[in-house]
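Written below as structure tokens is the structure these notes are about.
The values are calculated or read from the model by the stated rules, or taken from the named source; none is laboratory data. This structure is a prediction, so every number in the text was calculated from the model and none was measured. Cβ placement follows ideal geometry from the backbone for every residue including glycine, while neighbour counts extend to all protein chains displayed. Remember, those area values only see protein heavy atoms, side chains included, never the ligands or the DNA or RNA. Shrake-Rupley method; radii C 1.70, N 1.55, O 1.52, S 1.80 Å.
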Amino acid sequence: MILHICPILFFVSLLLLICSGLFILHPRIPIKFVRFHVGLSVLPPFIALLNLLINSTNRVWGFWELNALTWLIAVFVLMIGSVVQRFSVRQMLGDRNYRKYFTYLTLITSSAALAWLSNDILLLLLFWGITLLGLTWLIRLNQEWVAAKNAALHTSRLFACSWFLFLLALSWLTFLTGEWQISLQLSSNHLIHLIAWQKNMLALLLVLAVIIPAAQVPFQRWLLDSVVAPTPISAVMHAGVVNAGAIILTRFSPVFMGEWSSILLIAVSSVSVLMGTGTMLVHVDYKRQLVGSTIAQMGFMFIQCALGAYLAAIIHAVLHGLFKSALFLQAGSAVHHKDEAEEQISNQNVWRWRVIGGIIGVLAGLGFWFFVHHRGYDWMSALLLGWSVAFAWSQIPKPGSPRITRILGLTFLFITLSVFALVFAVFFALLHGVVPQGIQPPSMVNFMILLVLLLSSGVGAWLARHPQSRFYVMIYLWLVQWSEPHRDSVESHPKYLTNLLKSRG
């Protein structure tokens, strides 16, 4: 009985949340109602979590596909939405679009959650379209600001193109299989009748559809433009919008699996990793540094999908979304400084410290690879984990710093690793058998990735040792130019504020 009641409770709570968000728009509703609405936003993710824990078996329930993966994504999307709304109660207070902001935010997160729960092609397209449309409305929230309007215009064009490609792929798949339900379309009984070129074309359309909202090369500028929006909007973008590519490719993995589509995705993603990392290093704007990091991380996520490591890609998308949302929400208080004592300590025993960190990173990567039973397509995830551990080791206090500082740094690092291992084990237990397992990627794919990694590491090491070279200056300036948003999406001083003050004066 409870298996039927819990899904009903979830959809009822989500409907109440959407209605509450629409009530806010009425001018007679007191502004204090926003706090009630924010409190109500906690209910859907809580009930979705309850479904994930007690009702995670794979089954089709009407127009919805309910399993551990879809419930996990619903919890993830709605939880970030609830946190961002709670943060925005005071952050956005006083804005003339205060009511619209919470309505749009509710529509985005609710539609995204419903999109990934949908088992019907029409519902998936409808809710995903509402999500993209709502995001463009949020970017142009301050309609009097020309820069925000232009940023929303550039974004809407790319989103419309992405949605149309997604529509074309799903319509063609529906025509070939004769089914509207996704679970039936992707069954082996229907896919066995597809010819090789049809699968390749479907995979190509899916790749083109997902790299646009993920801001991969050459579509990265919409994300750079979007920083003109209020900071909480940048946080909510990571709730199943920017990182939606992993979800789409995972759900449609039986169609996506193919050599040519994987090679194309790896080529685009590898360039995006390099360019996103470069953007993060050369930009002085903190929000655009975070945007560059997102571009690079989405590239890594797509490489995992291309290798068939869908479970690792989903975990990557969820954890990165939570982490990056938190960074955006605290962006206003981010201050970077380095004192003289730290500068002196950093030159003592540096190489010995880096070697120890490298060894620990290698052991962490090997431990992960053995945990996933030596699966060939997870070597990229193991490499990324090992590099992250080695980098984290380099950030803790080095020999020569106070002992208590080093003890606290090491304790924090190992606690973080233990929490990551626990979270990964929980995710692995929940999603094992639900998320499809990929096949061993072609040798050409592995060779391409290894070549890119070796080339980028070699060039990066050379540039770090020759910061005065002409090549370094050229690369630096080129990265700065590449990572700039559209000119009409930037204003050093918003002119609409000056005009507003003059009109009131």
Given a 1.4 Å probe, the accessible area of the range 1-119 per residue, as a whole number of Å², is 45 Å²
Surrounding charge for residue 285, neighbours by C-beta under 14 angstrom, Lys/Arg +1, Asp/Glu -1, total -1
To the nearest 20 debye, the range 1-119 has a Cα-centred charge dipole, built from +1 on Lys and Arg Cβ and -1 on Asp and Glu Cβ, of 540 debye
Note to self: Kirkwood Rh of the range 136-217, Cα pairs, one decimal, Å, is 14.6 Å
The correct ranking of 286, 101 by accessible area at 1.4 Å, largest first, is 286, 101
If each K or R counts +1 and each D or E counts -1, the residues other than residue 233 whose Cβ falls under 14 Å of its Cβ total +2
Extension length gain for residue 322 and residue 388 (0.36 nm per residue less Cα distance), in nm, is 22.1 nm
If the label point sits 7 Å along Cα→Cβ of residue 5, residues of the range 44-73 with amide N under 15 Å come out as 47, 50-51, 54-55
Summed over the other residues with a beta carbon less than 13 angstrom from that of residue 128, with K and R at +1 and D and E at -1, the charge totals 0
Projected onto the charge dipole of the range 1-119 (unit charges on the beta-carbon of Lys, Arg, Asp and Glu, signs +1, +1, -1, -1), the Cα from 44, 72, 93 with the largest positive-side position is that of 93
Pairs over 31 Å Cα to Cα, from 100/199; 100/324; 199/324, come to 100/199; 199/324
So for R0 = 60 Å, FRET eff. of residue 197-residue 414 from the Cβ-Cβ r, to 0.05, ends up at 0.70
With 0.36 nm assigned to each residue of separation and the Cα-Cα distance removed, residue 89 to residue 153 gains 20.3 nm
Using alpha-carbon coordinates alone, the radius of gyration and Dmax of the range 1-119 in Å work out to 14.9, 47
With a 1.4 angstrom probe the carbon and sulfur portion of accessible area for the range 1-119, in percent, totals 72 percent
Output ordering of 69-76, 474-481, 159-166, 430-437 (per-residue mean of other Cβ within 10 Å, highest first) is 69-76, 159-166, 430-437, 474-481
Counting only protein heavy atoms and rolling a 1.4 Å probe, one gets per residue an accessible area for the range 157-300 in Å² of 33 Å²
Rg/Rh over Cα atoms for the range 105-178, Kirkwood Rh, comes to 1.08
